[in-house]
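S.K.: Next up is a structure, given as structure tokens.
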Amino acid sequence: MTLLDFARGPGMNFALAVFVLGVLWRLVGIALLNYWRPKSEPRQGWLRAMMGGALATGTRSWPHREFIGRTGYGELLGYSYHIGLFIVILFFAPHVAFFKGLFGVSWPAMPSTWIHLIAVLTLTLFIAVLVRRVTNRVLRRLSNFDDYFSWFATALVIVTGLMTTGHIGASYETLQAWHLLSVELLLVWFPFGKLMHAFFIFPSRAINGYLLSRKGAAS
Amino acid sequence: MNAKVGIPIRVVENRAPPKDYVLGGGLTAVLHEILALLENLSAFGEGGQIDLRSLPMAPGEHDDLKNALGEGEVDVTLNLGGPTRCRETAYPGVWWVEHKDPAGATVAEFIEIAFVPELLRPEDEDIRAGVRRLEQRLRAGHATTGGNSP
Amino acid sequence: MTDQHTHRTIGEALDASGVSRRSFLKFCMVTASMLALPPSVGRVMAQQLRKAKRPSVIYLSFQECTGCLESFTRSFSPTAENLLFNVISLDYDDTLMAAAGSHAEAAREKAMKDNWGEYLVIIDGSVPMADGGVYNTAAGKTAHQTLMEVVEGAAAVVCVGTCASFGGIPYAHPNPTGAVPISELVTDKPVVNVPGCPPIPEVITSTLVHYVSLGKVPDLDEHGRPLAFFGNTIHDRCYRRPFFDQGKFAKSFDDEGARNGWCLYELGCKGPTTYNACATVKWNDGTSFPIESGHGCLGCSEPGFWDKGSFYKPLAAGTYTSAEKIAAAAGAGVLLGAGAAVASRMKRKSRLHETDREERS
């Protein structure tokens, strides 16, 4: 079995299984903790509370005016590379083919030349994010293995993807194998680190907003 | 070739390139190479050959190259177990050499930059053999009989 | 089939057949072009070949469909074929030769004896090893026995086709006959693999001419394939590559994209991972090749190509198929999560009771 056969076959199977297992473990584990059961007197009806929750999801997605000066750059970097990643992952034609193989549904892809451009931009922003983490005094002290490894696993996927599509560094089948293996590494790491924010981010803002709104507190 | 077996085949000669294909890039590159070799031939007497098989060309590009080079005054067909045609292009010294098999299918194509294509020049050994044959014939006194190669 | 005059040089054999030097030069120039050698090598090849002795060639066929031999002889250039048979002396081929049975075997043994250490062995088909190798027997011997006997005095071995090179169809899962490629059995002689299902005829003949005229096997890649023909992927030389780069793919056979000649990646083309000369040398005398005719590459010159997933699923789609494993993982995840939550709540409750007790006491 060649490296590519392994990456396309048992490797991907294993990584997907671990991903599904891990994500469900964490989501179900947290959902059943009941921490989001309200414990105080409701001061607003549940409908207004829900609306409050929805509002909070939006308002907490951007810093308050007072903090923009200090955090705006980081927020902008973060949003930009996230959008770049989503575009590349969801709209590059071979990726659409991958999802079709997985889920059976497909959607129109973007022209590949645009995707190449966006991918290079995304990688640049991603490197800028690491530079910021390492040079900023506060961030440097707060950062741990999770932060750096999650960055590394994602960066590896972007770099191997660009190498594969650019046909540089090794023969195509080797590059494709590395790219798939890096995706598998990311999938296996995903449920056990901060990457789970992908699943937590909007529910947690919504639930906090709901709870506070129900209590009648401003959020 | 397949006509012998009786299978009806419709050969599409002028295949248009794919609709969105951008032509011209490869053509310019080949013409530059021809120019370099032609300049060398003119200055130092040394030309060269370009194997068209080594250039992956879309259906339209091949014809474009032929049209770009045009036709000259010399058109020679050799019978070498299948015809080989050496045609001078509109640029003296630039020859289009097409090798075909007896069935008429093209097996190789070259652009040769030379005073005269290599194949046209007889081999030294063949000339020596011809000298021996003609000497023999004259000695035997058969000057008037036909003299095809044995 | 045995040529009485194998001691003759190729030049003498050509003269006797009435093939002029010019014709032979044309053949060599065409062959050099096939081998992707510089055009000037054609003349060198012609000179060398004329001086060389015609090597004896023994062609063995094992577990094969005869497609490779068909490709070898189904030449649209009879002149090239004739010339080739002037260049080599094909002393044994059980499909082509007029003799049969013990006469054929005797011819083979004589050729081997007369040319011991110098003859070339061409093989198509894999060799079955299961159950003592009984699944391919001829003249009372198993393929394995015949192979080892014949190869003992060979100068080099050329494996024609994917079956001989990598096992091919018989080797595909579940490989009931225990088929193995030749290179697994022949380890003490130079082995050249010329894979393909079948290989392009010109690739076979050019490799042989290279060996005969230059006296050595051509440069090989890590799978033993001549780099001249197997050094690039189909993808690297495909004329539809601009469409791949732009992201223009045909979604189904005969749709708008397919009619416009767009890339066949999504229809399962294995061009990016397949090394062969189809995109440059092409088939049927340079007429076309699968992609030009609208069908994706099957990857037939690669090891194990029958077992690399569907021919019609793209390379990105992968070969994993078990939804059951994922469902089982999902179930396990839910259980683990529920278990973790229950354990956590129980711990919280017991801690609350503890603090209550501490406060009351």
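S.K.: Got at least one residue in the range A:55-67 being touching a residue at least 12 places away in the same chain (Cβ under 8 Å), within 14 Å of chain C (Cβ to nearest Cβ) and surrounded by 13 or more Cβ atoms within 10 Å (Cβ to Cβ)?
M.R.: Kept after step one, since they are touching a residue at least 12 places away in the same chain (Cβ under 8 Å), are these residues of the range A:55-67: A:55-57, A:59-63.
Applying the additional criterion that residues be within 14 Å of chain C (Cβ to nearest Cβ) yields none.
No.
S.K.: When both residues are 6+ apart or on different chains and their Cβ atoms are under 6 Å apart, which pairs have a first residue that lies in the range C:21-41 and is assigned by TED's automatic domain parsing to the domain that holds C:Leu220, and a second that is among the acidic types (Asp, Glu)?
M.R.: Cβ pairs passing all conditions: C:Arg21/B:Glu123; C:Arg21/B:Asp126; C:Ser33/B:Asp51; C:Met34/C:Glu202; C:Pro39/B:Asp51.
Residues are listed down the side, and each one gets a yes or a no for (1) touching a residue at least 12 places away in the same chain (Cβ under 8 Å); (2) touching an Asp or Glu at 6+ places or on another chain (Cβ under 6 Å):
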{"residue": "A:Thr124", "(1), (2)": "no, no"}
{"residue": "A:Trp151", "(1), (2)": "yes, no"}
{"residue": "A:Thr154", "(1), (2)": "yes, no"}
{"residue": "A:Ile158", "(1), (2)": "yes, no"}
{"residue": "A:Leu185", "(1), (2)": "yes, no"}
{"residue": "A:Lys194", "(1), (2)": "yes, yes"}
{"residue": "A:Arg205", "(1), (2)": "yes, no"}
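S.K.: Related question: Do you know which residues across the range C:300-309 are assigned to a loop (DSSP other than H, G, I, E, B) and more than 10 Å from every other protein chain (Cβ to nearest Cβ)?
M.R.: If the condition is that a residue be assigned to a loop (DSSP other than H, G, I, E, B) and more than 10 Å from every other protein chain (Cβ to nearest Cβ), then C:Cys300, C:Ser301 are the ones that fit.
S.K.: Also, I was wondering about something else. In the range B:74-106, which residues are of a type outside the set (Ser, Thr, Tyr), modelled with pLDDT of 90 or more and not in a strand (DSSP E or B)? Full working, then the answer.
M.R.: To start, the set of residues in the range B:74-106 that are of a type outside the set (Ser, Thr, Tyr) comprises B:74-76, B:78-83, B:85-88, B:90, B:92-105.
From what's left, modelled with pLDDT of 90 or more: B:74-76, B:78, B:83, B:85-88, B:90, B:92-99.
B:Val74, B:Ala90, B:Pro92, B:Gly93 - these are the residues of the range B:74-106 that are of a type outside the set (Ser, Thr, Tyr), modelled with pLDDT of 90 or more and not in a strand (DSSP E or B).
S.K.: Something else now. Here are A:Ala31, A:Ala17: which of them is within 12 Å of another protein chain (Cβ to nearest Cβ), in contact with a Lys or Arg (Cβ under 7 Å, 6 or more places away or on another chain) and closer than 27 Å to A:Phe192 by Cα? Reasoning before the result, please.
M.R.: Numbers: A:Ala31 fails: in contact with a Lys or Arg (Cβ under 7 Å, 6 or more places away or on another chain).
The conditions single out A:Ala17.
S.K.: On the basis of being hydroxyl-bearing (Ser, Thr, Tyr), within 11 Å of chain A (Cβ to nearest Cβ) and either within 24 Å of C:Pro198 (Cβ to Cβ) or within 19 Å of the chain's Cα centre (by Cα) (or both), does C:Thr280 make the cut?
M.R.: Details: hydroxyl-bearing (Ser, Thr, Tyr): yes; within 11 Å of chain A (Cβ to nearest Cβ): no; either within 24 Å of C:Pro198 (Cβ to Cβ) or within 19 Å of the chain's Cα centre (by Cα) (or both): yes.
Here the answer is no, as C:Thr280 does not meet what is asked.
S.K.: Looking only at residues that are outside any strand (DSSP E or B) and among the acidic types (Asp, Glu) in the range B:107-123, which one is nearest to the other protein chains (Cβ to nearest Cβ)?
M.R.: Per the criteria, the residue is B:Glu123.
S.K.: Let me ask something else. Which ones in the range C:100-123 are within 20 Å of C:Ala164 (Cβ to Cβ) and outside any helix (DSSP H, G or I)?
M.R.: Correct list: C:Tyr119, C:Leu120, C:Val121, C:Ile122, C:Ile123.
S.K.: Hey, among the residues in the range A:1-54 that are basic (Lys, Arg) and either closer than 30 Å to C:Pro272 by Cβ or in contact (Cβ under 8 Å) with a residue 40 or more places away in the chain (or both), which one's surrounded by the fewest Cβ atoms within 10 Å (Cβ to Cβ)? Spell out how you get there, then give the answer.
M.R.: Initial filter on the range A:1-54 (basic (Lys, Arg)): A:8, A:26, A:37, A:39, A:43, A:48.
With the extra rule that they be either closer than 30 Å to C:Pro272 by Cβ or in contact (Cβ under 8 Å) with a residue 40 or more places away in the chain (or both), the set shrinks to A:8, A:26, A:43, A:48.
On the way: A:Arg8: 24, A:Arg26: 20, A:Arg43: 12, A:Arg48: 15.
For the range A:1-54, the residue satisfying everything is A:Arg43.
S.K.: Could you list all residues from the range C:117-171 that are of a type in the set (Asp, Glu), surrounded by fewer than 24 Cβ atoms within 10 Å (Cβ to Cβ) and in contact with a strand residue (DSSP E or B) (Cβ under 7 Å, 6 or more places away or on another chain)? Break it down into steps so the answer makes sense when it comes.
M.R.: Pass one, the range C:117-171, residues of a type in the set (Asp, Glu): C:118, C:124, C:131, C:149, C:152.
So of that shortlist, the ones also surrounded by fewer than 24 Cβ atoms within 10 Å (Cβ to Cβ) come out as C:118, C:131, C:149, C:152.
Across the range C:117-171, the qualifying residue is only C:Glu118.
S.K.: Another question about this same structure. Considering each residue of the range C:247-263, count those that are surrounded by fewer than 17 Cβ atoms within 10 Å (Cβ to Cβ) and either at negative phi or within 8 Å of another protein chain (Cβ to nearest Cβ) (or both), and give that number. Quick ask: steps written out before the conclusion?
M.R.: Step one: of the range C:247-263, the residues surrounded by fewer than 17 Cβ atoms within 10 Å (Cβ to Cβ) are C:251-256, C:259-260.
Applying the additional criterion that residues be either at negative phi or within 8 Å of another protein chain (Cβ to nearest Cβ) (or both) yields C:251-253, C:255-256, C:259-260.
Within the range C:247-263, residues that are surrounded by fewer than 17 Cβ atoms within 10 Å (Cβ to Cβ) and either at negative phi or within 8 Å of another protein chain (Cβ to nearest Cβ) (or both) number 7.
S.K.: Right, C:Val30: of a type in the set (A, V, I, L, M), surrounded by fewer than 19 Cβ atoms within 10 Å (Cβ to Cβ) and modelled with pLDDT of 80 or more or not? Show your work before the answer.
M.R.: On the way: of a type in the set (A, V, I, L, M): yes; surrounded by fewer than 19 Cβ atoms within 10 Å (Cβ to Cβ): no; modelled with pLDDT of 80 or more: yes.
Against the criterion (of a type in the set (A, V, I, L, M), surrounded by fewer than 19 Cβ atoms within 10 Å (Cβ to Cβ) and modelled with pLDDT of 80 or more), C:Val30 does not qualify.
S.K.: Run C:Phe243 past the list (1) surrounded by 24 or more Cβ atoms within 10 Å (Cβ to Cβ); (2) more than 9 Å from chain A (Cβ to nearest Cβ) and report the number of the one that doesn't hold.
M.R.: Among (1) surrounded by 24 or more Cβ atoms within 10 Å (Cβ to Cβ); (2) more than 9 Å from chain A (Cβ to nearest Cβ), the lone unmet condition for C:Phe243 is (1).
S.K.: Among the residues of the range B:41-54, count how many are within 14 Å of chain C (Cβ to nearest Cβ) and out of contact with any helix residue (DSSP H, G or I) (no Cβ under 7 Å at 6 or more places or on another chain).
M.R.: Qualifying residue count for the region: 3.
S.K.: Being buried (at least 21 other Cβ atoms within 10 Å of the Cβ) and at pLDDT 90 or above: is that true of C:Tyr320 here?
M.R.: Details: buried (at least 21 other Cβ atoms within 10 Å of the Cβ): yes; at pLDDT 90 or above: no.
So C:Tyr320 does not fit the description; no.
S.K.: Let me ask something additional. For the range C:184-252, give me every one of the helices (runs of 4 or more DSSP H) that falls completely inside it and has 1 or more residues that are within 15 Å of the chain's Cα centre (by Cα) and among the aliphatic types (A, V, I, L, M). Steps first, answer last, please.
M.R.: Details: elements: C:201-214, C:227-230, C:234-237, C:241-246.
In the range C:184-252, the matching helices (runs of 4 or more DSSP H) lie at C:201-214, C:227-230, C:234-237.
S.K.: Would you mind stating whether C:Asp285 is within 10 Å of another protein chain (Cβ to nearest Cβ), over 21 Å from C:Phe243 (Cα atoms) and touching a strand residue (DSSP E or B) at 6+ places or on another chain (Cβ under 7 Å)?
M.R.: Numbers: within 10 Å of another protein chain (Cβ to nearest Cβ): yes; over 21 Å from C:Phe243 (Cα atoms): yes; touching a strand residue (DSSP E or B) at 6+ places or on another chain (Cβ under 7 Å): yes.
It is true that C:Asp285 is within 10 Å of another protein chain (Cβ to nearest Cβ), over 21 Å from C:Phe243 (Cα atoms) and touching a strand residue (DSSP E or B) at 6+ places or on another chain (Cβ under 7 Å).
S.K.: If you don't mind, there's one more thing I want to ask. Determine which single condition A:Leu211 fails, assuming it passes every other condition in (1) within 28 Å of A:Thr59 (Cα to Cα); (2) within 13 Å of the chain's Cα centre (by Cα); (3) of a type in the set (A, V, I, L, M).
M.R.: Here A:Leu211 meets the rest and fails (2).
The values are calculated or read from the model by the stated rules, or taken from the named source; none is laboratory data. Quantities reported herein were computed from a predicted structural model and do not represent experimental measurements. For neighbour counting, all protein chains shown are included, and Cβ atoms are generated from backbone atoms with ideal geometry for every residue, glycine included.
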